[in-house]
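Visitor: Encoded as structure tokens, here's the structure I'll be asking about.
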Amino acid sequence: MEAIEKEVERVAAKVPTLYPIASSSSSSTSHPSSSKQRSSKAKASASSTTPSSTATVAESLDGLLASLESIRSSLANPASSPPSAPVVVAETKAAVAASQRAIADRQKEVYNALARLGKAYDKKFTTPIDELASPDLFTSVEATRATEAVIMDQLMRSGQWKAAEELSRECGLPLPPSHVYLQLANITSSIRAGNLDAAIQWAESNRNFLTSRSSNLEFALHRSQFLRIATGAGVTPFSTIHIRKAVEYGRIHFRRHLGTHLATIQALFSFSLFLPPLQPNRLPTISELYEQVPFTYHHFLDAQQMHSPHLEPLFAIEYCARNAMSREAPLKIAVEVGVSGGALLKIHKARKVMKVRRNEWSQANELPIDIPLPSSFRFHSTFTCPVSKEQATEENPPMMMSCGHVVCAESLARLGKGHGRVKCPYCPMESTISQATRLYF
């Protein structure tokens, strides 16, 4: 994907050469001095009939118009002798040709960048997807709305507010509140930089919600802050009494977590006893701390477990749950499942095999093969009937028999067909269909 990102950046860098960079919101209501600025730009560009090699299309056209205005003024000026017709024609042809060359060069640069981007896409996505799914899946009103909503979410998550506003206006989608996405981006970037103040403030203001989810986000943030202060990284200005400051911080903020994290809090205070005193204007290295601290407390020195690599995704999970947002961008998940997860390749291969065997894909909303995905892509529990090998649904829910074994409702009905009694396919116990209990995952 890095090659595609580079080509997209190259296209984004070339597009402004076609059009001037200006915000869409200010284009309809120009500043009163904008006309004066345009006229001054035209006068400046009129000083040379040959456009600059880096001039945008708009600047080239402004220069051409300025040249033509200058020629017309010289012809209409009665005080000066009018230039000869051949000279006027030659100057006009030169100005038009120069602007035409400049515009053609800018367009060629953009089209070349677009062509390279298309080749990068073709190189990355080698499998054609035209025959992988029915076009009807993407042309219905529901599918169109879902696609537009996914794109809208991606634009908001990446901070492209103007593009999101334009999409909302063109598609008639309600524009999500930008401050929700902006706060998520600001707090996660602060966590990544080692500043936990904003994240701690958010966690404390949403304490009831986090408690209802049995989340340890607030404690994890305070633990990281305690460790940063104890090791000297979180003390500003630099102080040699960092351990005392860490103990004071822990006494204030760990008090409400004693009931759930008492053992960890005791270990944190014990860990602080083994830390070496800070030298003036010098922080100890991790290797020095590992030598001073007993092995039992080494995990407190692991940044992957204690600091931003652990806190950033944990905060994103809770923040998105609080604001009814998906933890990951849906568009990102779809691309990763299809490309990185290999789903498209497996479906394409299944299509080819079914075509050779002259089989048909019977269900439009169901895959003909199992596609194993990483655990990160499993968002809810599922149950597959051990008898029919089909996944349970609302219409065909899992049913637990009195012996404790579970099958789907349709399999249970087939096993008890005719007499109402069911012999478990996995043990000798018999029961009735009415004794089975529905399970919820």
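Results for (1) touching an Asp or Glu at 6+ places or on another chain (Cβ under 8 Å); (2) surrounded by fewer than 20 Cβ atoms within 10 Å (Cβ to Cβ); (3) in contact (Cβ under 8 Å) with a residue 12 or more places away in the chain, shown as yes or no for each residue.
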position: S190; (1), (2), (3): yes, yes, no
position: N195; (1), (2), (3): no, yes, no
position: N216; (1), (2), (3): no, yes, yes
position: I229; (1), (2), (3): no, no, yes
position: A246; (1), (2), (3): no, no, yes
position: H257; (1), (2), (3): yes, yes, yes
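Visitor: Do we find that A98 is within 20 Å of T56 (Cα to Cα), at pLDDT 85 or above, surrounded by 15 or more Cβ atoms within 10 Å (Cβ to Cβ) and under 55 Å from the mean Cα position of the chain (by Cα) in this structure?
Guide: Judged against the criteria, A98 is a match.
Visitor: Which condition number does F295 fail, the rest of (1) at pLDDT 90 or above; (2) aromatic (F, W, Y); (3) surrounded by 11 or more Cβ atoms within 10 Å (Cβ to Cβ) being met?
Guide: Condition (3) is where F295 drops out.
Visitor: Sticking with this one: If A163 meets every condition in (1) in a loop (DSSP other than H, G, I, E, B); (2) under 16 Å from the mean Cα position of the chain (by Cα); (3) hydrophobic (A, V, I, L, M, F, W, C) apart from one, which number is that one?
Guide: (1)
Visitor: For K123, are the conditions met, namely being within 41 Å of the chain's Cα centre (by Cα) and under 30 Å from L344 (Cα atoms)?
Guide: Spelling it out, K123 is indeed within 41 Å of the chain's Cα centre (by Cα) and under 30 Å from L344 (Cα atoms).
Visitor: Moving to a separate point now. Do we find that L167 is at pLDDT 90 or above, in contact with a Lys or Arg (Cβ under 9 Å, 6 or more places away or on another chain) and surrounded by 15 or more Cβ atoms within 10 Å (Cβ to Cβ) in this structure?
Guide: No.
Visitor: Next question. Any residue in segment 123-138 that is closer than 30 Å to H253 by Cα and free of Cβ contacts under 8 Å to residues at least 60 places away in the same chain?
Guide: Checked against the condition, which is being closer than 30 Å to H253 by Cα and free of Cβ contacts under 8 Å to residues at least 60 places away in the same chain, segment 123-138 yields no hits at all.
Per-residue answers, yes or no, for (1) at pLDDT 90 or above; (2) among the β-branched types (V, I, T):
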| residue | (1), (2) |
| --- | --- |
| V247 | yes, yes |
| R251 | yes, no |
| L268 | yes, no |
| P280 | no, no |
| T285 | no, yes |
| L301 | yes, no |
| M306 | yes, no |
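Visitor: Oh, and also: Can you work out which of the residues in segment 417-439 that are part of a strand (DSSP E or B) and basic (K, R) is surrounded by the fewest Cβ atoms within 10 Å (Cβ to Cβ)?
Guide: The selected residue is R438.
Visitor: I would also like to ask the following. Out of the residues in segment 119-150 that are in a loop (DSSP other than H, G, I, E, B) and closer than 16 Å to A334 by Cβ, which is modelled with the highest pLDDT?
Guide: Filtering segment 119-150 down to residues in a loop (DSSP other than H, G, I, E, B) leaves 125-135, 140.
Applying the additional criterion that residues be closer than 16 Å to A334 by Cβ yields 125, 127, 129, 132-133.
Numbers: F125: 71, T127: 63, I129: 65, L132: 68, A133: 67.
Top of the filtered list is F125.
Visitor: Quick one: which of S33, S81, S67, S27 is assigned by TED's automatic domain parsing to the domain that holds V110, within 26 Å of D105 (Cβ to Cβ) and at pLDDT below 75?
Guide: When all the criteria are applied, what remains is S27.
Visitor: Does S402 count as assigned to a loop (DSSP other than H, G, I, E, B) and among the small types (G, A, S)?
Guide: Here the answer is yes, as S402 does meet what is asked.
Visitor: While we're looking at this one, here's another question. Has segment 273-292 got any residue that is among the hydrophobic types (A, V, I, L, M, F, W, C), more than 30 Å from I371 (Cα to Cα) and within 36 Å of the chain's Cα centre (by Cα)?
Guide: Checked against the condition, which is being among the hydrophobic types (A, V, I, L, M, F, W, C), more than 30 Å from I371 (Cα to Cα) and within 36 Å of the chain's Cα centre (by Cα), segment 273-292 yields at least one hit.
The values are calculated or read from the model by the stated rules, or taken from the named source; none is laboratory data. Here the structure is a predicted model, which means the values were calculated and not measured. For neighbour counting, all protein chains shown are included, and Cβ atoms are generated from backbone atoms with ideal geometry for every residue, glycine included.
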